[in-house]
């Protein structure tokens, strides 16, 4: 199993929406990928209430590294990434083999 964790800081406003609105959109879209991409076992997005931390955190699990690699280029994920790039100002990622 592989754990894929990504954290983002969002712009205060982007795509005509507030940070909170964009956080909710990303949460819905990322969690909605479960069951649609082979090897993606779970995806949980949390919105941080601590102003000192990152705004959004994705915790996801994949069957293996090959599944994570396939996810990166999957058209459904690419569509979400396109939106991410429009609303995010900083990103941190951590991938680990379990």
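The values are calculated or read from the model by the stated rules, or taken from the named source; none is laboratory data. Treat the numbers as computed from the prediction; the structure is a model and nothing was measured. As a convention, Cβ positions derive from the backbone with ideal geometry for all residues, glycine included, and neighbour counts pool all protein chains shown.
Pick out, from the chain, the helices (runs of 4 or more DSSP H) lying fully within it that include 2 or more residues that are touching a helix residue (DSSP H, G or I) at 6+ places or on another chain (Cβ under 8 Å) and modelled with pLDDT of 95 or more.
Values: elements: 19-31, 65-73, 75-87.
Per the criteria, 19-31, 75-87.
Within region 1-29, residues that are in contact (Cβ under 8 Å) with a residue 12 or more places away in the chain reach partners that are assigned to a helix (DSSP H, G or I) and exposed (fewer than 15 other Cβ atoms within 10 Å of the Cβ) with beta carbons closer than 6 Å, at six or more positions or on different chains, in the pairs 2/65; 14/86; 15/86. Here 33, 40, 68, 58 are screened, and the one residue that is farther than 24 Å from residue 12 by Cα, under 12 Å from the mean Cα position of the chain (by Cα) and crowded, with 17+ Cβ neighbours inside 10 Å is 33.
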